[in-house]
Amino acid sequence: MFQLQKILVPTDFSEGSRAAMNYACMLSKKMKAEIILLYVLESPYHLTTELLVAGPENKNVSILEYIRKGADSQFKKFVAPFISDYASIQIKTRIENGTHYEQILKLANEWGADLIVMGTHGRTGIAHAVMGSVAEKIVRHASCPVLTIKSTSG
């Protein structure tokens with residue numbers, strides 16, 4: 001029988017990602033698999049470390065550092081309920097910089113993921129053509145199975 005040991009769950013904090021994480025947690029609980037919840041921070045290419053903004057206590061920080069701290073805060077809020085509700089499973093978290101699909105594939109390969117569970121937005125037509133589909137790229141290029149969970153909202 002196929003045994004899951006490592007499940008990678010990329011998130012964008014959407015309802016689809018929340019549904020995917022719930023599904024991954026249920027699988028993990030049954031199969032005693034470890035989960036890595038991944039957020040990829042795709043920084044705007046035109047921002048540099050020289051751009052400064054007022055951060056905490058009015059200390060100047062680079063805009064990229066400011067964006068990363070905001071993402072880190074949002075990430076912690078997203079993962080907290082899962083850590084609380086699924087205390088018996090091992091959930092690790094990672095934030096990586098780069099292109100979404102490239103970082104997801106890279107971490108899946110480096111970590112030896114047995115499964116990628118990810119939410120989809122279900123865009124079609126022109127929205128899909130313009131926005132592309134991270135999930136589609138992952139399904140096409142991943143070296144392990146990919147389970148997509150379609151968002152039930154909107």
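Values quoted throughout were computed directly from the atomic coordinates according to the rules given, and no laboratory measurement underlies them. Every value quoted in this text rests on a predicted model; they were computed, and no experiment measured them. Neighbour counts are summed over all protein chains in view; Cβ atoms, including those assigned to glycine, are modelled from backbone coordinates with ideal geometry.
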Distance check, please: which entries in Lys92/Lys150; Lys76/Lys106; Lys29/Lys69; Lys6/Lys29; Lys6/Lys106 exceed 20 angstrom between their Cα atoms? Lys92/Lys150; Lys76/Lys106; Lys29/Lys69
Return the sequence-ordered ³J(HN,Hα) values of the stretch 13-20 in whole Hz as given by the Karplus equation 6.51 cos²θ - 1.76 cosθ + 1.60 applied to θ = phi - 60°, using x for Gly and Pro. 6, 7, 5, x, 5, 5, 5, 4
Taking 0.36 nm per residue of sequence separation and subtracting the Cα-Cα distance, how much length would be gained by fully extending the chain between Phe13 and Arg140, in nm to one decimal? 43.4 nm
For Ser151 and Lys76 in the same chain, what is the full-extension length gain: residue separation times 0.36 nm, less their Cα-Cα distance, in nm? 24.9 nm
For Asn60 and Met26, FRET efficiency with R0 = 30 Å and r from the beta-carbon atoms, rounded to 0.05? 0.10
Rough spin-label spacing in nm, given labels placed 7 Å along Cα→Cβ, for Arg68 and Lys92: 1.9 nm
If you add up the charges near His141, with Lys and Arg at +1 and Asp and Glu at -1, over every other residue whose beta carbon is less than 15 angstrom from its beta carbon, what do you get? 0
